[in-house]
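Take a look at the structure set out below.
The values are calculated or read from the model by the stated rules, or taken from the named source; none is laboratory data. Given the structure is predicted, the values throughout are model-derived calculations rather than measurements. Here the Cβ is made from the backbone with ideal geometry for all residues, glycine too, and neighbour counts use every protein chain on show.
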Amino acid sequence: MTDPWNDTAFTVAMQHLAPGDKLSEVEFLKRLGTCQWDAIARVLGRPTQEITSEFHERLYASWIDVELKFGAGHAPDRFGEGARIRVRNRVRVFAKRFVEGFFVIGDEDVPDAVLQATETRDDLRALDSPWCYMTNAFIAPVGGNTRLKVFKPAGIDALRLPETEQTPAGIEDHARVQATGRIEDLGDGDAGLPVPVRDPTPIAYAIVPESDVNGAGLVYFARYVAMMNYGERRFLSDRLARPLSQPFATCLSTEHRRIYYFANAAPTDSVELSVSASLLPPDRFPAPASASRIRTPMKIVFRIDMVRSSDKVLMASSLVRKAVNVPGDAKAVLLEADRFLADLAV
């Protein structure tokens, strides 16, 4: 069975924005998660609330990994209030228990030729437009959030599904990262300047049930990214030898993220975020167009590992490159960036 491309579009509203009139990565991931779940419901031929195991347990699409790339020319700053975003996506099933999702994203129509030529994650990585790749497992909590078991949806054997016999790339990467801790670089190599740290202590975050936990009682996959963003901000303001300001942190704009999920947590638990960073100076990336109102004095690659405080189990690991996109009239932030670069050079 051919896996069809679904077509979704929405207009960016205030609730989708982060400070600085730019698309919130967390809110956008929620949108993509909804597209993925809707696509799964279509191929299974039933509403999401009716997807159960053969033992009548309610199943959920738990996230295994997500790779999201906006790219330098399509960072969230481009998608401000009123922007129109079009999402084309499709899913394939693997081993009756896992799902592989492909997304091509833009603010214009996506040519059919591009979609027809997109069969693998490597095809997505070759695109100039923004894209996302994610994999899921059908799970049910068994004895609480700390024990999630993978199940096959009831009736799936009788369906003609878009399937793949090859293990999805995301699942293979997930196993490697869990076993070794190594995440493939984002195309920047290892030549970034290490950011000097004054205090390497992990950053604590108490789970907030009202915002971090979904209707299934699980910490939602997009909220892991929100917690990591909190860790990055605290890292820059509290952990560096030369702390950076809140206005500086507000200028961070995601270009490329890889994140791998390993465990969930109880709503009453907390997490610990270990953050490290390297800096890409301006000579490592193309200068923006001269007419641009944004200046990018540097980019920062963050590595974040999140563990569950109660038992120190690794919950997730992520590598993300963020541009420091500073409005031209934010002179104080531009001067702060210049001082920071000068200190690193010394």
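Quickly run through the range 21-49 and pick out the residues that are of a type outside the set (V, I, T) and in contact with a Leu (Cβ under 9 Å, 6 or more places away or on another chain).
Those that are of a type outside the set (V, I, T) and in contact with a Leu (Cβ under 9 Å, 6 or more places away or on another chain): L23, S24, E25, E27, F28, L29, L32, L44, G45.
Which residue pairs have Cβ atoms closer than 6 Å, lie 6 or more positions apart in sequence or on different chains, and pair a first residue in the range 254-274 that is of a type in the set (K, R) with a second residue that is at pLDDT 95 or above and in a strand (DSSP E or B)?
R257/L68; R257/V320; R258/E67; R258/L319
Checking A249 against (1) of a type in the set (G, A, S); (2) in a loop (DSSP other than H, G, I, E, B); (3) within 19 Å of P281 (Cα to Cα), which test does it fail?
The failed condition is (2).
Name every residue in the range 134-168 that is of a type in the set (G, A, S) and buried (at least 18 other Cβ atoms within 10 Å of the Cβ), in order of residue number.
Matches in the range 134-168: A137, A140, A154.
Would you mention how many residues in the range 97-129 are more than 22 Å from the chain's Cα centre (by Cα) and polar (S, T, N, Q)?
Looking only at that region, the number is 1.
It is to be established whether one or more residues within the range 121-133 are assigned to a strand (DSSP E or B), over 21 Å from N6 (Cβ atoms) and outside the structural domain of Y260 (by TED's automatic domain parsing).
Scanning the range 121-133 turns up no residue that is assigned to a strand (DSSP E or B), over 21 Å from N6 (Cβ atoms) and outside the structural domain of Y260 (by TED's automatic domain parsing).
Tell me, yes or no, whether the range 93-116 has at least one residue that is of a type outside the set (D, E) and touching a His at 6+ places or on another chain (Cβ under 7 Å).
Checked against the condition, which is being of a type outside the set (D, E) and touching a His at 6+ places or on another chain (Cβ under 7 Å), the range 93-116 yields no hits at all.
Just to be sure I understand, how many residues within the range 148-199 are over 18 Å from S317 (Cα atoms), part of a helix (DSSP H, G or I) and free of Cβ contacts under 8 Å to residues at least 12 places away in the same chain?
The qualifying residues number 1.
Out of G101, G80, I need the residue that is in a loop (DSSP other than H, G, I, E, B) and not β-branched (V, I, T). Which one?
Unique residue meeting the criteria: G80.
Looking only at residues that are part of a helix (DSSP H, G or I) and of a type in the set (D, E) in the range 1-38, which one is surrounded by the most Cβ atoms within 10 Å (Cβ to Cβ)?
The extreme case among them is E25.
So is L252 among the hydrophobic types (A, V, I, L, M, F, W, C), surrounded by 16 or more Cβ atoms within 10 Å (Cβ to Cβ) and within 26 Å of F70 (Cβ to Cβ) or not?
yes
Would you tally the residues in the range 200-217 being free of Cβ contacts under 8 Å to residues at least 40 places away in the same chain, within 28 Å of G170 (Cβ to Cβ) and more than 20 Å from the chain's Cα centre (by Cα)?
1
Suppose we keep only residues that are at pLDDT 95 or above, among the small types (G, A, S) and crowded, with 16+ Cβ neighbours inside 10 Å within the range 295-336. Which one would you say is farthest from A222 (Cα to Cα)?
S309
For the condition under 17 Å from W131 (Cβ atoms), free of Cβ contacts under 8 Å to residues at least 60 places away in the same chain and surrounded by fewer than 21 Cβ atoms within 10 Å (Cβ to Cβ), what is the one hit in R42, R86, R78, R97?
Every option except R78 fails the conditions.
Against the definition (of a type in the set (A, V, I, L, M), touching a strand residue (DSSP E or B) at 6+ places or on another chain (Cβ under 8 Å) and within 27 Å of F98 (Cβ to Cβ)), how does V219 come out, yes or no?
yes
Out of R223, R234, R242, which single residue is of a type in the set (D, E, K, R) and at pLDDT below 95?
Just a single option satisfies the conditions, and that option is R242.
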